[in-house]
Amino acid sequence: MTQRATAIFHTFGCKLNFAETATVRDIFATHGITDCPEGGVPDFIVVNSCSVTAEADRKCRSAIRNFHRRYPQAAIVLTGCYAQLKPAEASLLPGVAVVAGVNDKLALADMALDWLERRRPHTEVRPVASLREFMPSCARGDRTRFFLKVQDGCDYWCSYCTIPRARGRSRSGTIADIVAQAEAAAEAGGKEIVITGVNIGDFGAGRDDSLLDLCRELDKVEGIVRYRISSIEPNLLTDDLIDFVASSRAFMPHFHIPLQSGSDAVLALMRRRYDTALFAAKVGRIRSVLPDAFIGVDIIAGARGETPEEFERSRSFVSSLDISRLHVFPYSERPGTRALDIAGVVDQAEKHRRAAELGKVSAGKLAGFSGRFTGSVRPVLLEHSHANGHIGGFTDNYLRVSVDAPASADNSIVDVRLGAYLPESESMEASVVAR
Ligand code: SF4
């Protein structure tokens, strides 16, 4: 390449997408396409899209139109789940020069350079059934935290979900490769790694290793002082894995488990692979070996078939669990999903009323969980510098704090004494104590 080109990178959706965008950015840099400086005009706008809900599609289209209005000369390079699921629609959006599927992200820079040379729009989207190879990715989320992709795709086919259509079959990296990436992250100064994937509990499926085997090896990597396991399906969160987290060197007492409904009838309609009894048992197991663990739980409000009685059952079940917070998602209709055959559509207003009800449950859970730690001392990894002399961070059990500390304390672990819970910022008062 003779001319220098620049790009803006924009990511929608999950941690996995953020991890992959960082890898794409690195590859662009090796091809001579660097980040567009502040106030500059980019040659490319790389959009890594999401399609988890109809709203995600809409946001992606709207962002592309806005980018095109702002930078009419720039070529938009679009990838991710929206591009994979709707390539024809995506290619007609203004300014879009390249549309690439989820497993073609590593070739995006070549496609961008090809555009510079020929100025010919290009669409490269392979059917997901053909996706077999694992595209590795380990990205720096900020100065201290890395997102390490260990698995991609999903074979579960929950009735409301389009992800298997967009991401393809479940596939994983090798333990040796993933450990090497963790070692590289440690060498680059990373202290915390978030283990990410689409269905990470399925790591190693079809082979003779498992997520537990991987975690055991990662725990040995020097320099990484904290691991967090991102969302894991309850039926794949084994007791052995919970016990390992409790006895490990660096795995934090923090779990994120998608429940989706606290009604067994709705779970069956969703084609989830567990019932509420199993879910409650997993929460109980965590609490028995890690009483201070943060437990975040995803739940969908107003899914098809969720009658007022089933919603009440669901609300009452999550209220009864000893968890730390809910992540509430109003149900979103997705074309091509089996959920569209389920009777009992919940109208928008009722869906949002139910989401608000669950939001109240969540606020109570978070206040109750956080309040248990007022007056106690916990380690915090300081990770966000602020101009006003405060640095933010999370305790080992994922309580958000902000403390008075010099900028030089960034990326260090300090002990803090926790004060009152602050509901407006969903954080805790805290002050550094001498070690
Ligand atoms: S487990 Fe279910 S909800 Fe999660 S990605 Fe797979 S199909 Fe979608």
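Here are the numbers:
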{"read-out": "Positions within segment 274-301 being within 16 Å of the ligand (Cβ to nearest atom) and aliphatic (A, V, I, L, M), in sequence order", "value": "L278, V297, I299, I300, A301"}
{"read-out": "Hey, L92 hydrophobic (A, V, I, L, M, F, W, C), outside the structural domain of A182 (by TED's automatic domain parsing) and without any contact (Cβ under 8 Å) to a residue 12 or more places away in the chain or not", "value": "yes"}
{"read-out": "For T374: the one exception among (1) without any contact (Cβ under 8 Å) to a residue 40 or more places away in the chain; (2) more than 22 Å from the chain's Cα centre (by Cα); (3) not in a strand (DSSP E or B)", "value": "(1)"}
{"read-out": "Residue among R249, R271 that is of a type in the set (K, R), over 18 Å from F311 (Cβ atoms) and away from the ligand (no atom under 16 Å from the Cβ)", "value": "R249"}
{"read-out": "Strands (runs of 3 or more DSSP E) within segment 74-190 that include 3 or more residues under 30 Å from G336 (Cα atoms) and either modelled with pLDDT of 95 or more or within 16 Å of the ligand (Cβ to nearest atom) (or both)", "value": "75-80, 96-100"}
{"read-out": "Residue list for segment 207-237, filter: among the β-branched types (V, I, T) and either more than 16 Å from the ligand (Cβ to nearest atom) or touching a Ser or Thr at 6+ places or on another chain (Cβ under 8 Å) (or both)", "value": "V221, I224, V225"}
{"read-out": "Qualifying residue in segment 353-363 (condition: touching a residue at least 60 places away in the same chain (Cβ under 8 Å) and either outside the structural domain of C81 (by TED's automatic domain parsing) or not charged (D, E, K, R) (or both))", "value": "yes"}
{"read-out": "Qualifying residue in segment 12-30 (condition: at pLDDT 90 or above, part of a strand (DSSP E or B), within 24 Å of the chain's Cα centre (by Cα) and not assigned by TED's automatic domain parsing to the domain that holds K149)", "value": "no"}
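Every residue, every condition in (1) in contact with a Pro (Cβ under 7 Å, 6 or more places away or on another chain); (2) on the phi < 0 side of the Ramachandran plot; (3) assigned to a strand (DSSP E or B), yes or no:
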residue	(1), (2), (3)
I224	no, yes, no
S231	yes, yes, no
P258	no, yes, yes
V266	no, yes, no
A280	no, yes, no
I286	no, yes, no
I295	no, yes, yes
R304	no, yes, no
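The values are calculated or read from the model by the stated rules, or taken from the named source; none is laboratory data. Computed from a predicted model, the values in this text were never measured in an experiment. Using ideal geometry, Cβ is built from the backbone for each residue, glycine included, and neighbour counts are taken over all protein chains shown.
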